[in-house]
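Student: Below: one structure in structure tokens.
The values are calculated or read from the model by the stated rules, or taken from the named source; none is laboratory data. As the structure is a prediction and not an experimental result, all values here were calculated from the model. Note that each Cβ is placed from the backbone with ideal geometry, even for glycine, and that neighbours are counted across all protein chains shown.
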Amino acid sequence: MSQTRLALVTGANKGIGLEIARQLAEAGVTVIIGARDPERGQIAAETLAAQGLTVEAVRIDLNDGDSITAAAETIRERHGRLDILINNAGIIDAEDGPPTSASPEAARRIMETNFVGTLAVTQAMLPLLRLSAAGRIVNLSSSLGSLAVNGDPTSPYYSARLIGYNASKAALNMLTVQLAAELRDTPIVVNAVSPGYVKTDLTGHTGFMTPEEGARLPVEYALLGEGAVSGRFVEPAGETPW
């Protein structure tokens, strides 16, 4: 059983997830790279391990309940608990768009992965997080999930009308708020973190932040110490309105 802090990062074989895994491992955390494709997850783990970091991989597909259950059981067998859960995995869809024209099927696919899948992972990992002295859950959200931002004509994100994606992140924020309230009498802290507009495959590399920069705030919230505030929605510039 491991004695150092143990983190699971979903969707960590590339992009922000991989950089979050790297920075956590550099901080002395044992990191489990969760990946839908086990080969890609293993390659990412070997890449970080070659840098002297303590990393391993596990298959976890947010749309495959059996893989989620199996991942939780693997972590239990190998380590006996979990200290940090970073819900990073998520998708966009080319058929998403404004409410008048988005494909309902695309919206369903996005919601199934980004919200329902994240809920399933969180529920599966909670028994392990409850065994931690100070559990931390970080949900990778987006400013696009803010109802206030979506309704503010002065916001730079006002015109980003992706009903499926934006709604999935708003739902993820609801998970953050409700879970933080439900766990308020436990050592588990839950927060929603918007990393910023990052150059990754998800954004078509159109962002203005590097993955390294985008990973910093999620990592900071994963490593919060005693007295950490739960149930917040934050971005690099500060608090984000719900």
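Student: Among Ala228, Ala171, Ala222, Ala192, which is over 21 Å from Ile110 (Cα atoms), hydrophobic (A, V, I, L, M, F, W, C) and within 14 Å of the chain's Cα centre (by Cα)?
Tutor: Unique residue meeting the criteria: Ala222.
Student: Given Glu95, Glu46, which one is out of contact with any helix residue (DSSP H, G or I) (no Cβ under 8 Å at 6 or more places or on another chain) and of a type in the set (Asp, Glu)?
Tutor: On the way: Glu95 fails: out of contact with any helix residue (DSSP H, G or I) (no Cβ under 8 Å at 6 or more places or on another chain).
The unique qualifying residue is Glu46.
Student: Pairs under 9 Å by beta carbon, first residue farther than 22 Å from Asp93 by Cβ in segment 145-160, partner among the small types (Gly, Ala, Ser) and surrounded by 15 or more Cβ atoms within 10 Å (Cβ to Cβ), six or more apart or different chains?
Tutor: Once the first residue is farther than 22 Å from Asp93 by Cβ and sits in segment 145-160, its partners that are among the small types (Gly, Ala, Ser) and surrounded by 15 or more Cβ atoms within 10 Å (Cβ to Cβ) give Ala148/Ser155; Asp152/Ser146; Ser155/Ser143; Ser155/Ser146; Pro156/Ser143.
Student: Further question on the same structure: Can you tell me which residues in segment 1-22 are modelled with pLDDT of 95 or more and farther than 23 Å from Ile91 by Cβ?
Tutor: Result: Arg5, Leu6.
Student: Among residues belonging to segment 24-66 that are in a helix (DSSP H, G or I), under 22 Å from Ile91 (Cα atoms) and touching a residue at least 24 places away in the same chain (Cβ under 8 Å), point out the one that is farthest from the chain's Cα centre (by Cα).
Tutor: First, pick out the residues of segment 24-66 that are in a helix (DSSP H, G or I): 24-26, 38-49, 65-66.
Filter once more, keeping what is under 22 Å from Ile91 (Cα atoms): 38-45, 65-66.
Then drop every residue that is not touching a residue at least 24 places away in the same chain (Cβ under 8 Å), which leaves 40-41, 43-44, 65.
On the way: Arg40: 18, Gly41: 16, Ile43: 20, Ala44: 17, Gly65: 17 Å.
Residue satisfying both the conditions and the ranking: Ile43.
Student: Which one of these does Ala21 not meet: (1) in contact with a helix residue (DSSP H, G or I) (Cβ under 8 Å, 6 or more places away or on another chain); (2) surrounded by 22 or more Cβ atoms within 10 Å (Cβ to Cβ); (3) in contact (Cβ under 8 Å) with a residue 40 or more places away in the chain?
Tutor: Going through the list (1) in contact with a helix residue (DSSP H, G or I) (Cβ under 8 Å, 6 or more places away or on another chain); (2) surrounded by 22 or more Cβ atoms within 10 Å (Cβ to Cβ); (3) in contact (Cβ under 8 Å) with a residue 40 or more places away in the chain, Ala21 breaks only (3).
Student: Take the residues in segment 137-146 that are of a type outside the set (Ser, Thr, Tyr) and in a helix (DSSP H, G or I), then tell me which one is farthest from Val116 (Cα to Cα).
Tutor: Step one: filter segment 137-146 for residues of a type outside the set (Ser, Thr, Tyr), giving 137-140, 144-145.
Going one step further and asking which of them are in a helix (DSSP H, G or I), we end up with 144-145.
On the way: Leu144: 18, Gly145: 15 Å.
Only one residue fits best here, namely Leu144.
Student: Could we say that Val149 is assigned to a strand (DSSP E or B) and in contact with a Ser or Thr (Cβ under 8 Å, 6 or more places away or on another chain) here? Before the answer, list the steps.
Tutor: Values: assigned to a strand (DSSP E or B): no; in contact with a Ser or Thr (Cβ under 8 Å, 6 or more places away or on another chain): yes.
No: the conditions fail for Val149.
Condition check ((1) touching a helix residue (DSSP H, G or I) at 6+ places or on another chain (Cβ under 6 Å); (2) crowded, with 18+ Cβ neighbours inside 10 Å; (3) over 30 Å from Asp66 (Cβ atoms)) across all residues:
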site	(1), (2), (3)
Leu82	yes, yes, no
Ile110	yes, yes, no
Thr113	no, yes, no
Ser141	yes, yes, no
Leu144	yes, yes, yes
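Student: Give the residue, chosen from Pro38, Pro99, that is over 30 Å from Asn150 (Cβ atoms) and surrounded by fewer than 16 Cβ atoms within 10 Å (Cβ to Cβ). Spell out the reasoning first.
Tutor: On the way: Pro99 fails: over 30 Å from Asn150 (Cβ atoms).
Result: Pro38 is the single residue among Pro38, Pro99 that is over 30 Å from Asn150 (Cβ atoms) and surrounded by fewer than 16 Cβ atoms within 10 Å (Cβ to Cβ).
Student: So, of the residues in segment 163-212 that are in a loop (DSSP other than H, G, I, E, B) and of a type in the set (Phe, Trp, Tyr), which turns out to be modelled with the highest pLDDT? Explain how you work it out, then say what you get.
Tutor: Within segment 163-212, the subset in a loop (DSSP other than H, G, I, E, B) is 183-188, 194-197, 199-208, 210.
From the residues that got through so far, the ones that are of a type in the set (Phe, Trp, Tyr) too are 197, 208.
Details: Tyr197: 73, Phe208: 69.
Only one residue fits best here, namely Tyr197.
Yes/no matrix, rows are residues, columns are (1) in contact with a strand residue (DSSP E or B) (Cβ under 9 Å, 6 or more places away or on another chain); (2) among the polar types (S, T, N, Q); (3) crowded, with 22+ Cβ neighbours inside 10 Å; (4) closer than 12 Å to Asn114 by Cβ:
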{"site": "Ser159", "(1), (2), (3), (4)": "no, yes, no, no"}
{"site": "Tyr165", "(1), (2), (3), (4)": "no, no, yes, yes"}
{"site": "Ala171", "(1), (2), (3), (4)": "no, no, no, yes"}
{"site": "Thr176", "(1), (2), (3), (4)": "yes, yes, yes, no"}
{"site": "Ala180", "(1), (2), (3), (4)": "yes, no, no, no"}
{"site": "Leu183", "(1), (2), (3), (4)": "yes, no, no, no"}
{"site": "Asn191", "(1), (2), (3), (4)": "yes, yes, yes, no"}
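Student: It is to be established whether one or more residues within segment 107-121 are part of a strand (DSSP E or B) and acidic (Asp, Glu). Explain how you work it out, then say what you get.
Tutor: Taking segment 107-121 as the starting set, the residues that turn out to be part of a strand (DSSP E or B) are none.
Looking for residues that are part of a strand (DSSP E or B) and acidic (Asp, Glu), one finds none in segment 107-121, hence no.
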